[in-house]
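Remarks on the structure that follows.
The values are calculated or read from the model by the stated rules, or taken from the named source; none is laboratory data. In this text the structure is predicted, and so the values were computed from the model without any measurement. We place every Cβ from the backbone using ideal geometry, glycine too, and count neighbours over all the protein chains shown.
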Amino acid sequence: MSSPSNHGSQAYLKTKVMTASPAELRLMLIDGAIRFTEQARRGYETRNFEMAFEGSSRAQAIVIELMNALRPDQAPELCERLTALYTYIYQCLVQAAAMRDLAQYDEALKRLRFERETWVLCMDELAKENQSASAMRAIPTAASPAGSNGSAAPRSGLSMQG
């Protein structure tokens, strides 16, 4: 039976996921992979093998999801590199679990944390670009109804000669 506070945190998480941008969702996945890899590592350190198995399984599943979410039609070279990175991280996680090798967990964590830092930088750059684009749209155009001599000309095309 779940506690009321657990239900509240689940509802919050569901709302957060449902309202997140694709970039924020990717960051949440990376954060989850880090959290579950740390859990797996802690489980093996403390000889809590159930914790280790659960953390390792969830981290592996998230890394697979990160790979599956790539869009090679959008950026083939980048996706190829990320696939190689995620494959390497996945292999580290599998070897760590099979061999109970904390160094492999450390390697996976190192790569995941670097990926997180890189992704946050990308998100920041994208936000700056979007902010600049929004600011540019908000600036009124320089076109004015002034004629070549600087005097205002009527917009109707009629001259105001007297």
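Okay, here's what the table says:
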| quantity | calculated |
| --- | --- |
| Pick from the stretch 49-75, criterion surrounded by 15 or more Cβ atoms within 10 Å (Cβ to Cβ) and among the polar types (S, T, N, Q), ranking: nearest to A97 (Cα to Cα) | S56 |
| Single residue of R71, R81, R26, R111 found to be under 30 Å from D124 (Cβ atoms), within 21 Å of the chain's Cα centre (by Cα) and part of a loop (DSSP other than H, G, I, E, B) | R71 |
| Matching option when the condition is out of contact with any Lys or Arg (no Cβ under 7 Å at 6 or more places or on another chain), small (G, A, S) and more than 24 Å from P22 (Cβ to Cβ), among A40, A59, A33 | A40 |
| Where a residue in the stretch 3-24 is closer than 26 Å to N130 by Cβ and among the polar types (S, T, N, Q) and its partner, wherever it lies, is modelled with pLDDT of 70 or more and surrounded by 10 or more Cβ atoms within 10 Å (Cβ to Cβ), with Cβ under 9 Å and at least six apart | S21/M123 |
| Checklist (1) in contact with a helix residue (DSSP H, G or I) (Cβ under 7 Å, 6 or more places away or on another chain); (2) not in a helix (DSSP H, G or I) applied to E65, failing item | (2) |
| Per-region count, the stretch 71-91, residues of a type in the set (F, W, Y) and farther than 26 Å from Y105 by Cβ | 0 |
